[in-house]
Amino acid sequence: METYYGRTAFLILFLLFRVSSEAAPSPLDNYRIIKLAEFTDNNSYLPIKAGLGFIIEIEGNPNFGYEWYLDNSEEVIHNHILNPYNLLENNSTQFYFSPKRSLFEVNGIYRFGFITNKEKKGGQKLKFVYRKNEANSRLVKEISKTIYIEVISPSFLRK
């Protein structure tokens, strides 16, 4: 009797776990990684399917206090075409160390993640700026890079 109840309990737990782990697919299940260094022109154009997620990777080195920021984050959030999902309070994002770092360099990448709106199509400019993170520091140099994302219906874009 004990083995019957034990097996039944195990089977029920297994099925509950299996059903709960099979959640609806997330837009990030099919996300696309876009390396900003591949876009040589400022204001480059990139079509993305509606409802999908993508990550923009930007190389950086925070050794001297510089970070990448999404400069127009308020506009992006207000337009509801793209939803940034990993912005920090200062409009930057997590820095990931490169596995090939040396003693004097801390190279790596910043990953800005976005999910496109399923309901709203259209274009959204993303302006990234590389600058010092202290408000009172003297700005030595600032680099900006802009990319234009066009959210389109999945039927207009082939894989």
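The values are calculated or read from the model by the stated rules, or taken from the named source; none is laboratory data. Values in this document were obtained by computation on a predicted structure and should not be read as measured data. Cβ placement follows ideal geometry from the backbone for every residue including glycine, while neighbour counts extend to all protein chains displayed.
Assorted remarks:
- Matching residues in the stretch 67-86 - criterion: being buried (at least 18 other Cβ atoms within 10 Å of the Cβ) and either in a helix (DSSP H, G or I) or out of contact with any Pro (no Cβ under 7 Å at 6 or more places or on another chain) (or both): E67, W68, Y69, D71, N72, V76, I81, L82
- Matching residues, the stretch 110-136, being loosely packed, with under 11 Cβ neighbours inside 10 Å and either modelled with pLDDT of 85 or more or among the polar types (S, T, N, Q) (or both): E119, N136
- On the stretch given as the stretch 37-54, residues that are hydrophobic (A, V, I, L, M, F, W, C) and crowded, with 19+ Cβ neighbours inside 10 Å total 4.
- Residue match in the stretch 6-29 (condition: in a strand (DSSP E or B), farther than 17 Å from F128 by Cβ and either small (G, A, S) or at pLDDT 65 or above (or both)): no
- Hits in the stretch 92-109 - residues which are among the aliphatic types (A, V, I, L, M) and at pLDDT 75 or above: I109
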